[in-house]
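Worksheet for the structure shown next.
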Amino acid sequence: MINKLLWTSILFICLLPFLCIAQEYDSKTFKHEFQIMVGFNSQQAAELEPAYSYMFMPNIGVITGVNLMLQLFEKNPLSTDDSFHWKATQERALAIQLRPSLRFRFPLLREENNSIILLNIEPGVLINLIPNETLTFAYINDYYPFVPPAKYESIKNKGGETISYQAKGYLSVNFNYFQVSIGYAYSNFDIYTGRRNIVIETESINDKLWKRRATNTFFITLGFAL
C-alpha cells in the first residue's frame with residue numbers, strides 16, 4: 001500500500017508542471033461532463049459505463065462511473081463423472097462496480113483557443129458491489145438431458161475482492177458540447193473473484209476456471225459537456 005501511494009504521489013508531482021502549463025491556454029473549459037462508455041475486455045466481457053465528470057480546475061478534475069461488466073460466453077464450470085455433472089444456472093460472470101477516479105486532461109490540438117483534441121488520463125479504483133456471488137447448481141443426467149435435474153444446490157462464495165486498481169487513458173475529439181473518445185484501460189480486476197472459492201461437494205470451481213488475469217479494455221465513449 002505504501003509503495004502504491006508513493007508511486008501515485010510521484011506521478012502527480014511529475015504531471016503537475018504540464019497541467020499548469022496546459023491550464024494557461026484554456027480559455028473555454030466545461031466543468032460538467034456526462035459520458036457513456038461501451039467496450040470489450042480480456043475477460044471476454046462487454047462493458048457499459050455511464051459516468052459524470054467535474055473539472056474543478058481546467059485540466060484537473062474527478063470522475064465517477066458505474067461500470068457494468070457481463071461475460072458474452074459461457075463455460076460449464078464442473079463435471080463430476082461420466083453420467084452426471086453439475087451445471088451452474090448462471091454461468092456468465094457479472095460485475096457491477098463504482099469507479100471513482102482523478103481526471104487529468106491535456107489539450108493536444110487547439111483552434112482559436114478552444115481544445116479540439118485532448119488526452120485524458122484517469123487513475124482510480126474499482127469498487128465491486130457484488131464481491132461474493134451466490135450460484136445455483138443443477139445436477140444433470142447426461143444420458144437423459146431432457147429429464148429435469150435430480151437436485152439443485154445454492155452456494156455463496158467467500159473471500160471475494162472488493163477493491164481493484166485501474167488506469168485509463170483516451171483521446172477525445174470535441175464537437176462544441178459533444179465529445180467522442182477512444183481509449184484503453186488496464187485493471188487488476190478478476191471477473192471470477194466472486195466465485196473462485198465456491199466448492200460443491202469435493203470439487204472447486206477455481207480448478208475449472210482460467211487463472212487470474214488482468215483486465216485490458218478497449219472502448220469508445222460519447223460525452224456531453226456543460
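The values are calculated or read from the model by the stated rules, or taken from the named source; none is laboratory data. Treat the numbers as computed from the prediction; the structure is a model and nothing was measured. Cβ atoms come from the backbone with ideal geometry, glycine included; neighbour counts cover every protein chain shown.
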Is it true that some residue in the range 40-49 is assigned to a loop (DSSP other than H, G, I, E, B), of a type in the set (A, V, I, L, M) and either crowded, with 19+ Cβ neighbours inside 10 Å or modelled with pLDDT under 90 (or both)? no
Out of all the residues in the range 67-85, which are at pLDDT below 70 and part of a strand (DSSP E or B)? Phe84, His85
Of Tyr186, Tyr165, Tyr152, Tyr170, the only residue that is over 26 Å from the mean Cα position of the chain (by Cα) and part of a strand (DSSP E or B) is Tyr152
Residue list for the range 182-226, filter: among the small types (Gly, Ala, Ser), within 30 Å of Ala138 (Cβ to Cβ) and crowded, with 21+ Cβ neighbours inside 10 Å: Gly194
Considering only residues of the range 191-226 that are hydrophobic (A, V, I, L, M, F, W, C), in a loop (DSSP other than H, G, I, E, B) and under 21 Å from the mean Cα position of the chain (by Cα), which is farthest from Val173 (Cα to Cα)? Leu209
Filtered residues of the range 105-127 (kept if closer than 18 Å to Met37 by Cα and of a type outside the set (A, V, I, L, M)): Arg105, Asn120, Glu122, Pro123, Gly124
Since Val173 meets every condition but one in (1) out of contact with any helix residue (DSSP H, G or I) (no Cβ under 9 Å at 6 or more places or on another chain); (2) of a type in the set (Val, Ile, Thr); (3) surrounded by 18 or more Cβ atoms within 10 Å (Cβ to Cβ), which condition does it not meet? (3)
Exactly one of Asn157, Asn174, Asn216 is touching a Lys or Arg at 6+ places or on another chain (Cβ under 9 Å), at pLDDT 90 or above and not hydroxyl-bearing (Ser, Thr, Tyr), and that residue is Asn157
